[in-house]
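The values are calculated or read from the model by the stated rules, or taken from the named source; none is laboratory data. From a predicted model like this one, the values you see are computed outputs, not experimental measurements. Neighbour counts run over all protein chains shown; Cβ positions are idealised from the backbone, glycine included. Remember, those area values only see protein heavy atoms, side chains included, never the ligands or the DNA or RNA. Shrake-Rupley method; radii C 1.70, N 1.55, O 1.52, S 1.80 Å.
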Amino acid sequence: MLEVRDLHVKFHNRDREAVAGVSFKLNDGEILGLVGESGSGKSVTAMSIAGLLPRKKCSYQGEVLVDGEDMLHAKRALLRKVQGNKIGVVFQEPMSAMDPLMKVGRQVEEVLAIHTDLSAEERKKRAIQALTDVELPDPEAVYDKYPHELSGGMLQRSMIAAAIVSRPSLLLLDEPTTALDVTIQAQILKLLKKLNRKHKISMLFISHNLNVVRKLCSRVIVMQRGVIVEDGLTYNVFFKPQHPYTQHLIECIPARVKLIARRSMEEENASVDGDQAAGEAGKAETAVSSRQAGNTVKAGGEHYD
Amino acid sequence: MKYVVRRILALIITMIMVSFLAFAAFHIISGDPARAILGMNATESQLKVLRQEMGLDKPFMVQYLNWLIGFFTGNLGISYSYRQPVSELIAPKLKVTLLMVLISFVIIIVCSVPLGLRAAQKSRGRLEWLRTTIIQLCMAVPAFFLSILVSYVFGIIFKFFTPGDFPKIEKDLAGAVKYLFFAAVCIAIPRIAMAVRMLKSTLIEEMEKDYVRTAISRGNDRTEVLKKHVLKNSLVPTITFLGQTMAEIVGGSIVVEQVFGIPGMGRFLVASISNRDYPVVEALVVILAFWVILSGTLADLINQKIDPRLKLGGRA
Ligand SMILES: Nc1ncnc2c1ncn2[C@@H]1O[C@H](COP(=O)(O)OP(=O)(O)O)[C@@H](O)[C@H]1O
Ligand SMILES: [Mg+2]
């Protein structure tokens with residue numbers, strides 16, 4: 001599905017390579033986690049995959065193969081055919097990632113307007129379906145709202161809807177929950193897991209927080225200063241970290257949270273967990289105040305921070 | 001809807017305040033209007049009669065209200081120097097200036113929008129220094145100098161129009177428009193330069209925003225991003241700027257009218273000031289102030305249509 005081979009990216013105005021020889025594979029239907037402190041090159045890696053590198057401002061080498069086609073050196077025209085169509089991207093700040101003057105619905109269906117010949121009606125139907133898929137309460141209303149009228153959590157759900165509306169095979173999630181508060185974060189993670197199962201979308205989930213990643217991803221890559229220092233099954237990385245940097249990351253997680261993590265990961269291996277809680281929580285989230293909802297709804301009693 | 005009502009209410013209140021200040025100021029500086037009209041040789045009884053006739057014996061607030069009502073009903077008082085109703089004197093000059101300002105405004109919009117777009121697209125090109133220099137030059141050149149240059153080159157050398165011989169609008173509209181066009185260009189050039197610079201920096205700033213990256217990640221090319229997202233987002237500051245321009249070019253027209261010999265409001269204002277023809281000056285000052293306030297309000301109302309966030313009173 002996705003294979004990155006010896007990726008190097010160096011910005012002209014920097015001394016050090018932002019990404020210095022990164023290689024990994026993402027299998028069909030997998031959710032791969034990418035962790036590392038800020039500045040370690042996670043976003044640049046994701047941008048290289050999505051064809052969003054500012055090509056004039058940097059030099060780059062290696063290969064980014066999406067279904068066998070190299071995205072890193074692809075012509076703009078080819079890139080555009082893949083962008084949005086085969087690869088969806090969700091960014092950290094939902095508020096600034098959306099056009100403030102375009103209604104949410106129009107932004108959700110933008111991909112369809114670019115890549116398909118669907119009529120306006122059909123596009124709207126698909127957009128509302130996508131908004132329903134991300135468990136937004138009252139998707140028809142959301143369709144006609146401007147971004148400033150929605151809460152951060154609802155916006156991020158809409159961004160996810162916009163990214164999956166064209167049924168891409170790969171979803172790049174660059175710290176999609178970092179800007180959200182803890183309860184909303186938990187709901188979004190559950191939603192992503194559900195979408196992954198339901199639509200078989202492969203995901204690259206980026207976070208600086210190992211504990212967030214372990215809830216969602218079966219496999220984790222740890223990056224430091226532009227290189228991968230650890231790559232393995234989440235359980236192993238979490239409990240038998242090999243590299244000192246990973247050990248350091250794990251030391252930063254409070255013991256209580258680690259205990260919860262261990263218990264839930266062991267349970268996870270044994271049984272398929274029910275996702276109803278996330279659905280209910282999604283409905284409790286309102287445009288007026290996501291924070292209020294956050295206080296009253298406890299998603300699974302767990303904390304992700 | 002509520003926003004529109006609020007904005008128009010604010011407009012009316014501002015206008016009343018401005019007109020009150022203007023009235024009070026002229027009340028103080030103009031001294032005794034009866035004396036000004038009748039001259040130094042008038043007897044005390046003659047003056048008294050006229051004062052009564054003009055309502056000058058009434059309390060200040062009553063005088064103001066009468067004047068305000070008169071202003072909105074077209075009764076602007078009598079000119080000292082022409083002994084004619086101010087409204088009759090002003091109307092034809094207002095028409096000329098308004099026409100010139102509108103032509104100028106159209107030129108500004110028609111030129112600055114495409115130029116601003118190109119300037120933003122080419123901002124990293126090799127000829128950037130040249131473009132910047134031209135813009136700076138156009139901004140710096142004074143309107144009177146441009147007017148002299150244009151009337152010499154296009155009027156005297158190429159004979160597109162005859163400087164000093166302004167055709168009457170009623171008789172020869174096409175000729176008048178042609179004449180005004182050259183004056184309007186002189187008003188427009190510095191403004192176009194400013195608009196281009198402003199538009200360029202706004203567009204470049206917008207292109208750096210996160211939502212542009214989102215749009216590109218969906219498969220848009222840069223032109224599409226510009227058309228679909230960036231232009232609309234750049235519109236609010238642009239309209240605000242154009243609103244200011246609308247207000248300021250009236251001021252700019254005063255000098256240009258002088259050089260071109262256009263019988264407009266500007267020239268009339270200057271003449272009336274030197275004649276101490278206070279009723280005329282007062283009326284013109286208030287009309288100018290209303291024009292400025294109106295332009296701003298109009299820009300705000302349009303912006304509010306474009307950006308729904310402004311309805312919340314965020315950046316009004
Ligand atoms: N547009 C850019 N120009 C110059 N340097 C950049 C740019 N984008 C990222 N970098 C640099 O690349 C390195 C990796 O950044 P990034 O991938 O954003 O880190 P993160 O892991 O926090 O996402 C950082 O040192 C950052 O300063
Ligand atoms: Mg980042």
Within segment B:55-86, residues without any contact (Cβ under 8 Å) to a residue 24 or more places away in the chain and in contact with a Gly (Cβ under 6 Å, 6 or more places away or on another chain) come out as B:66
Self-check item: Filter result for residue A:65 (more than 14 Å from ligand 1 (Cβ to nearest atom), open to solvent by 10 Å² or more (accessible area, probe 1.4 Å) and under 28 Å from residue A:193 (Cβ atoms))
Solution: yes
Per the filter on segment A:44-60, residues among the hydrophobic types (A, V, I, L, M, F, W, C) and within 15 Å of ligand 2 (Cβ to nearest atom) are A:44, A:46, A:47, A:49, A:50, A:52, A:53
Take the conditions open to solvent by 60 Å² or more (accessible area, probe 1.4 Å), facing another protein chain (nearest Cβ under 9 Å), within 16 Å of ligand 2 (Cβ to nearest atom) and of a type in the set (Asp, Glu) and apply them to residue A:37. Does it pass? no
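Name the helices (runs of 4 or more DSSP H) wholly inside segment B:217-316 in which the number of residues that are away from chain A (no Cβ under 12 Å) is 1 or more. Quick ask: steps written out before the conclusion?
Numbers: elements: B:222-225, B:231-260, B:265-274, B:278-306.
Those helices (runs of 4 or more DSSP H) span B:231-260, B:265-274, B:278-306.
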Restricting segment B:100-154 to residues that are among the charged types (D, E, K, R) and exposed (fewer than 12 other Cβ atoms within 10 Å of the Cβ), the one farthest from residue A:57 (Cα to Cα) turns out to be B:126
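Table: residues versus (1) touching an Asp or Glu at 6+ places or on another chain (Cβ under 9 Å); (2) among the hydrophobic types (A, V, I, L, M, F, W, C); (3) within 14 Å of residue B:71 (Cβ to Cβ).
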position	(1), (2), (3)
B:269	no, yes, no
B:274	no, no, no
B:282	no, no, yes
B:286	no, yes, yes
B:292	yes, yes, no
So, first residue without any contact (Cβ under 8 Å) to a residue 40 or more places away in the chain and within 13 Å of chain B (Cβ to nearest Cβ) in segment A:54-75, second residue open to solvent by less than 80 Å² (accessible area, probe 1.4 Å) and within 16 Å of ligand 2 (Cβ to nearest atom), Cβ within less than 8 Å, six or more apart or across chains; the pairs are A:71/A:48; A:71/A:49; A:71/A:50
Over segment A:214-228, the set of residues more than 13 Å from ligand 1 (Cβ to nearest atom) and of a type in the set (A, V, I, L, M) is A:216, A:220
Scanning segment A:140-156 residue by residue, those in a helix (DSSP H, G or I), within 23 Å of the chain's Cα centre (by Cα) and more than 12 Å from chain B (Cβ to nearest Cβ) turn out to be A:142, A:143, A:152, A:153, A:154, A:156
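From the list A:80, A:126, which one is assigned by TED's automatic domain parsing to the domain that holds residue A:222, more than 16 Å from ligand 1 (Cβ to nearest atom) and open to solvent by 30 Å² or more (accessible area, probe 1.4 Å)?
Working: A:126 fails: assigned by TED's automatic domain parsing to the domain that holds residue A:222.
Just one listed residue meets the conditions, A:80.
Has segment A:23-33 got at least one residue that is facing chain B (nearest Cβ under 9 Å), within 16 Å of ligand 2 (Cβ to nearest atom), surrounded by 14 or more Cβ atoms within 10 Å (Cβ to Cβ) and not polar (S, T, N, Q)?
Our first condition is that a residue be facing chain B (nearest Cβ under 9 Å); within segment A:23-33, this holds for none.
Scanning segment A:23-33 turns up no residue that is facing chain B (nearest Cβ under 9 Å), within 16 Å of ligand 2 (Cβ to nearest atom), surrounded by 14 or more Cβ atoms within 10 Å (Cβ to Cβ) and not polar (S, T, N, Q).
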Q: Considering every residue within segment B:176-191, establish whether at least one is among the β-branched types (Val, Ile, Thr), buried (at least 21 other Cβ atoms within 10 Å of the Cβ), in contact (Cβ under 8 Å) with a residue 24 or more places away in the chain and touching a Gly at 6+ places or on another chain (Cβ under 9 Å).
A: yes
Among A:210, A:173, the single one that is buried (at least 22 other Cβ atoms within 10 Å of the Cβ), touching a residue at least 12 places away in the same chain (Cβ under 8 Å) and in contact with a Leu (Cβ under 6 Å, 6 or more places away or on another chain) is A:210
